[in-house]
């Protein structure tokens, strides 16, 4: 799984959002998402929503190190 | 209630601060678990570490328990706080120190 794969999947799930994905080794990923769909959600809920997008990859371990920074886009 | 949830409940009842992690607080086995430990150690709070690498039942059970699919995970007063990224964010803002008072 590459940073590009993550970005493509996130852009599909979070249209009109600010998204960037960073990884030096394609194993540890840092993701920043600013989206209107986080409106009214706590930080934990925002992260849970994003991780649900990768529930399969997280279960198989294809993706295991994902650091998220989420923000509600006004 | 299934046995795994009972075990988790007991752990959370008996300890105010519980970090489910890979490895132990003295020998963390993964970067994010190490980061989580150093944050708590820097704040100087005692916490119970649970090495999920040595307990497969807890490793999968805790992910279901709080609907959080990654390790490490921090619980304070039986409430899920989050992974190492949220811990870092709260540590930098001082929110985590407040919560641990």
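If you line up the long axis of helix A:3-13 against the longest principal axis of chain A, both from Cα atoms, how many degrees apart are they, to the nearest 10?
Compared with the principal axis, the helix lies near 30 degrees.
Given only helices, namely DSSP H runs of n ≥ 4 each adding -39500 (n - 2.57), what is the per-residue ellipticity at 222 nm of the protein assembly as shown, to the nearest 500 deg cm²/dmol?
-13000 deg cm²/dmol
For helix A:43-53, report the angle its Cα long axis makes with the longest principal axis of the Cα atoms of chain A; keep it between 0 and 90° and round to the nearest 10°.
Orientation of helix A:43-53: about 50 degrees from the principal axis.
Average partner chain C-beta neighbours within 10 Å, per residue of A:58-70?
Averaged over the peptide's residues, the number is 4.
Using alpha carbons only, how many degrees (0 to 90, rounded to 10) separate the axis of helix B:3-14 from the longest principal axis of chain B?
With rounding to tens, the tilt is 30 degrees.
What does the convex hull of the alpha-carbon atoms of the protein assembly as shown project to on average, in nm²?
Its average projected convex-hull area is 10.4 nm².
Just for the protein assembly as shown, what percent of DSSP beta bridges are antiparallel, to the closest 5?
50
Using only the Cα atoms of segment A:32-74, what are the Rg and Dmax in Å?
Final numbers for Rg and Dmax: 11.0, 35 Å.
R0 = 41 Å: FRET efficiency of residue B:78 with residue A:11, Cβ-based, nearest 0.05?
That pair, residue B:78 with residue A:11, gives E of 0.65.
Once the Cα gyration tensor of chain B is diagonalised, what are the square roots of 5 times its eigenvalues, in whole Å and ordered largest first, as equivalent ellipsoid semi-axes?
21, 15, 12
Once R0 is set to 25 Å, what does the formula 1/(1 + (r/R0)^6) return for the Cβ-Cβ distance between residue B:99 and residue B:2, expressed as a FRET efficiency to the nearest 0.05?
E between residue B:99 and residue B:2, to the nearest 0.05, is 0.30.
When the scattering of segment A:3-72 is computed by the Debye formula from its Cα atoms alone, each counted once and equally, what is log10 I(q)/I(0) at q = 0.16, 0.24, 0.25 Å⁻¹?
-0.50, -1.13, -1.22
Between residue B:27 and residue A:60, with labels modelled 7 Å along Cα→Cβ, what's the label distance in nm to one decimal, could you check?
Taking the simple label geometry, residue B:27 and residue A:60 are separated by 3.2 nm.
Taking the number of other C-beta atoms within 10 Å as the exposure measure, put A:47, A:22 in order starting with the fewest.
A:22, A:47
Hey, with R₀ at 25 Å, roughly what FRET efficiency would residue A:22 and residue B:56 work out to, going by the Cβ-Cβ distance, to 0.05?
0.20
Rule-based calculations on the coordinates, nothing more; no lab input. Source: prediction; values computed, not measured. Glycine also receives a Cβ, built like all others from the backbone with ideal geometry; neighbour counts cover every protein chain displayed.
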